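The values are calculated or read from the model by the stated rules, or taken from the named source; none is laboratory data. This is a predicted model, so every value here is computed, not measured. So basically every Cβ, Gly included, is an ideal-geometry build from the backbone, and we count neighbours across all protein chains shown. Heavy atoms of the whole protein, side chains included, go into the accessibility calculation; ligands, DNA and RNA do not. Shrake-Rupley method; radii C 1.70, N 1.55, O 1.52, S 1.80 Å.
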Amino acid sequence: MPRDDIVNLAARRSLFYPSAEIYPNSPSGFWDFGPDGETIRRKIIEFWRNELVEKEGFVEIYGAQILPEAVFKASGHLESFNDPITQCAKCNSLHRADKLIEEKTKENVPESLPTKDLDKLIEKNQITCPKCRGRLGEVRKFNMMMGLDIGATGQQRCYLRPETCQTIFLNFNRIYKTMRQNLPIGIAQAGCSFRNEIAPRNTLLRERELGQMEIEVFFDPQKIDEVPDFDYVSDYLLNLWLLDEKKLVKVSCSDAVKKKIVSGKTVAYYLARVQQLYANYGIGIDKMRFRQLDKDEKAFYAAETWDFEVETDLGWIELIACNYRTDYDLKRHSKVSNTELSVSEDGRKFFPHVFEISAGIDRTMYVLLDHTFRKEKRGAEERIFLALNPRIAPYLAGVFPLVKKDGLLELAKNLTAEIRNYYLDAFMDEKGSIGKRYARADEIGIPYAITIDYQTKEDNTVTLRERDTMEQKRIPLESLPETLWKMKHGKLKFSSL
Ligand SMILES: [Zn+2]
């Protein structure tokens, strides 16, 4: 859906909105999530946890968000986590040099391009300040980490983490020992990271405080092709956008390994699991791809990177970086902290290699809104609804008493409580016409609406309405919670009721 529709819906229903909005000079790139938005966001994380973390037998941790400077010396962030910026000589506004060039030339500009080359591209393409057409100054590197000093003396330099994964690397050795598992071990974390973006934009797509759900799979590099569950995905087709062919090709996981498109079965397996996860969220397979990054575009630590992207109204949006980080992180932290972080298995002592699945929570939310937004003309009326997966929708069902009198309100209250006893989310709405209540529920993606009317009192049935088709069926009151549970989990279809 167009960006404006998302922004309007988000504002109208308080899904998300600028943080500290009542103060006019609050910095941009920080977002608060209202009740329905927070619920969607939380369910996106829960879905990832259920479908990927738990099904793969990974473990999850929660780490602190502020880390000492030494961590980022070791990780390379102090030196390399930079954006190229240029300042307008006339109006002094700051711009991302690479983005300006990309906008003008419509071509990818590698992040690692030296500043001198960026200067040349600006000159060659006659790029000026987008605000005032003024001349742009020399490109320089700007470190995007947010620093702060800890303690009363203010002498302990720390940073808000720019990615959640460093905590996982710092925790690896302890968890490896306490979990008493051999490799491979997957460690997951959902949390926030902080980046001092020059130009936050497109709401949740480029934020300064961003939600990440990351997984680091630690494995023995000699066993990269030992994946017990590989048979389940060997014929599964990956959507790969290949550098050589400059186009999207569908490649089975086994072919991707055989043709050496990926480093090994471990990589192919997790790419498949990522693609399946997003298909299950509700993104069409033909709208997603893994884009192979060339060496200029990849992060400095990565041997192989696939950006998982989804096509939206704003073009292809990167949701996940899938990085084969080799042993870079553990080796560096081991060296700088002077702590032994290698493992001993099979009579060998080595640093585990890491395959990383680093997903954006808020970006996933934006893309799900983009993909599920529907606008339908019905005569003079226009209907808006979100075709959200029932497991992502803020509520599974709305309960609507036709009127408040004659005991219908009590019946509705009891039913809402009964649905909640099944650990399903329901809300009750008794205000306004039934049509308006349906419309309000549709707009935030509530899959089912239940109406309690006078017939309910006579025969203990209710009207159950499905969001997408607007079809209605009469259902016995007592079977309703179980029916809703089955439909939520895909074990029963509304059409077969
Ligand atoms: Zn300017």
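Some notes on this structure:
- 14 Å beta-carbon shell around GLU209, net charge (K/R +1, D/E -1): +1
- Rounded to the nearest 10 square angstrom, LYS287 shows an accessible area of 80 square angstrom against a 1.4 Å probe.
- Among the protein heavy atoms, those of TRP485 account for about 100 Å² of accessible surface (1.4 Å probe, every chain in place).
- The alpha-carbon of LYS124 sits under 22 angstrom from the alpha-carbons of these lysines, leaving out residues fewer than 8 places away in its chain: LYS90, LYS99, LYS104, LYS106, LYS116, LYS141.
- Taking the charge dipole of segment 107-157 about its Cα centre, with +1 at Lys and Arg Cβ atoms and -1 at Asp and Glu Cβ atoms, the residue from VAL139, ASN108, GLN156 reaching farthest to the positive side is VAL139.
- In terms of its C-alpha gyration tensor, segment 203-276 comes out oblate, because a/c is 1.5 or above while a/b does not outweigh b/c.
- Charged-residue dipole, Cβ positions (Lys, Arg, Asp, Glu), the chain about Cα centre, Debye nearest 20: 680 debye
- Folded to 0 to 90 degrees: helix 35-48 orientation relative to the chain principal axis, Cα: 60 degrees
- Net charge dipole, segment 134-192: roughly 120 debye, given to the nearest 20, about the Cα centre with Cβ charges of +1 for Lys and Arg and -1 for Asp and Glu.
- Cβ-based net charge around GLY76, under 11 Å, with every Lys or Arg adding one and every Asp or Glu removing one: 0
- PHE81 accessible area, assembled protein chains, probe 1.4 Å, Å²: 40 Å²
- Heavy-atom accessible area order for ASP32, ASP313, largest first, 1.4 Å probe: ASP313, ASP32
- Largest accessible area first, the residues TYR159, TYR422, TYR236 order themselves as TYR422, TYR236, TYR159 under a 1.4 Å probe with ligands, DNA and RNA left out.
- Proximal lysines relative to LYS493, as straight alpha-carbon distance under 30 Å, when same-chain residues fewer than 8 apart are discounted: LYS43, LYS55, LYS287, LYS375, LYS377, LYS413, LYS431, LYS436, LYS457, LYS473
- Built from the Cα atoms of segment 1-137, the convex hull projects on average onto 13.1 nm², one quarter of its surface area.
- Cβ-defined net charge surrounding GLU356, 11 Å radius [Lys, Arg +1; Asp, Glu -1]: -4
- Considering all C-alpha pairs of the chain, those separated by over 44 Å amount to 23%.
- Rounded, prolate or oblate (a/c below 1.5 giving rounded, otherwise prolate when a/b exceeds b/c) for segment 351-449 by Cα gyration tensor: oblate
- Between segment 1-28 and segment 33-53, the alpha-carbon center distance in angstrom: 19 Å
- A dipole drawn for the chain from +1 and -1 charges on Cβ atoms has a positive end, and of THR266, TYR23, ASN92 the residue lying farthest that way is ASN92.
- Candidate residues ARG12, ARG363, ARG180: accessible-area rank, largest first, probe 1.4 Å: ARG180, ARG12, ARG363
- Net charge dipole, segment 256-404: roughly 380 debye, given to the nearest 20, about the Cα centre with Cβ charges of +1 for Lys and Arg and -1 for Asp and Glu.
- Dipole orientation for the chain: of the candidates ALA70, ALA417, ALA190, ALA70 has the Cα lying most toward the positive pole (charges on Cβ; Lys, Arg +1; Asp, Glu -1).
- Helix 165-179 and the longest principal axis of the Cα set of the chain meet at an angle near 80°.
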